[in-house]
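To keep things clear, I will list the structure first and then write my remarks on it.
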Amino acid sequence: MITTERCSHGPKVRYPTRDEAETALLDCRIGAALRGNQRRREARTYRCHNCRGWHLSSSTY
Ligand SMILES: [Zn+2]
């Protein structure tokens, strides 16, 4: 099972590897498309200096 980790400095989901973050990002995009929300977002993955994991940057930043 996948255990969801959180960033030590915030509510963001923490992914241990870039691959997992990229996969999660893809899932988000597919989910948005299925809901009819096909607006392009500047979402991407980035390395976190706080928890040394990977996060998704969303349009809220
Ligand atoms: Zn973090």
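Can you tell me which residue is least open to solvent (accessible area, probe 1.4 Å) among those in the range 48-58 that are at pLDDT below 95 and farther than 12 Å from S8 by Cβ?
S57
Please work out which one of (1) among the hydroxyl-bearing types (S, T, Y); (2) touching a strand residue (DSSP E or B) at 6+ places or on another chain (Cβ under 9 Å); (3) at pLDDT below 85 is the condition Y61 fails and give its number.
Evaluating Y61 over (1) among the hydroxyl-bearing types (S, T, Y); (2) touching a strand residue (DSSP E or B) at 6+ places or on another chain (Cβ under 9 Å); (3) at pLDDT below 85 leaves (2) as the failure.
Please go through the range 9-46 and pick out each residue that is open to solvent by 80 Å² or more (accessible area, probe 1.4 Å), within 16 Å of the ligand (Cβ to nearest atom) and either at pLDDT 95 or above or touching a Cys at 6+ places or on another chain (Cβ under 6 Å) (or both).
R18, E20
The values are calculated or read from the model by the stated rules, or taken from the named source; none is laboratory data. Bear in mind the structure is a predicted one, so any value in this text is a computation, not a measurement. Neighbour counts are summed over all protein chains in view; Cβ atoms, including those assigned to glycine, are modelled from backbone coordinates with ideal geometry. Please note that ligands, DNA and RNA were not included when accessible areas were found on the heavy atoms of the full protein model with its side chains. Shrake-Rupley method; radii C 1.70, N 1.55, O 1.52, S 1.80 Å.
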